[in-house]
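J.: Okay, here's the structure, questions in a sec.
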Amino acid sequence: MASSKEYLEFILEQLSDLEDITYRAMMGEFIIYYRGKVAGGIYDDRLLVKPVSSAIAYMPTVRYELPYEGAKEMLLVEEVDNKEFLAGLFNAMYDELPTQKPKRKK
């Protein structure tokens, strides 16, 4: 099941206190970037983030879920209605997020 544009817009509004939040549509889902790093994504109208230790510590009752069949588990963010919580989560995660690999020239 693909994610809705309405849910994407809701999440982007919830993250609007943060600077440099971007997204990319990918196969009916959305990858979320924070300051140029992949932080997570929206899969089946669920916000999932990378399972870095700071995110695990930030969410005491964390649940692991698969974004799609065959993928690595990610962390389900259940407090999507709380803008302050989301801003704190993304800020806590930032230093641990992997940097983008440079694209190879063909």
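The values are calculated or read from the model by the stated rules, or taken from the named source; none is laboratory data. The structure presented is a predicted model; accordingly, all values stated were derived computationally and were not measured. Counting neighbours? That spans all protein chains shown, and the Cβs are built from the backbone with ideal geometry, glycine included.
J.: Would you call Leu18 closer than 22 Å to Glu69 by Cβ and either of a type in the set (S, T, N, Q) or touching a residue at least 12 places away in the same chain (Cβ under 8 Å) (or both)?
T.: no
J.: Sticking with this one: Could you check Tyr68 against (1) at pLDDT below 95; (2) under 13 Å from the mean Cα position of the chain (by Cα); (3) aromatic (Phe, Trp, Tyr) and say which number it fails?
T.: Only one criterion in (1) at pLDDT below 95; (2) under 13 Å from the mean Cα position of the chain (by Cα); (3) aromatic (Phe, Trp, Tyr) is unmet by Tyr68, namely (2).
J.: Would you check if there is a residue in the range 50-73 being crowded, with 16+ Cβ neighbours inside 10 Å, in contact with a Phe, Trp or Tyr (Cβ under 6 Å, 6 or more places away or on another chain), in contact (Cβ under 8 Å) with a residue 60 or more places away in the chain and not basic (Lys, Arg)?
T.: No.
J.: Given the criterion in contact with a helix residue (DSSP H, G or I) (Cβ under 8 Å, 6 or more places away or on another chain) and assigned to a loop (DSSP other than H, G, I, E, B), identify the matching residue among Ser16, Ser54.
T.: The conditions single out Ser16.
J.: One residue is enough: does the range 29-40 have a residue meeting the conditions among the acidic types (Asp, Glu), touching a strand residue (DSSP E or B) at 6+ places or on another chain (Cβ under 9 Å), in a strand (DSSP E or B) and crowded, with 19+ Cβ neighbours inside 10 Å?
T.: Yes, the range 29-40 contains at least one residue that is among the acidic types (Asp, Glu), touching a strand residue (DSSP E or B) at 6+ places or on another chain (Cβ under 9 Å), in a strand (DSSP E or B) and crowded, with 19+ Cβ neighbours inside 10 Å.
J.: Condition (residue is part of a helix (DSSP H, G or I) and of a type outside the set (Val, Ile, Thr)) applied to the range 58-74: is it met by at least one residue?
T.: yes
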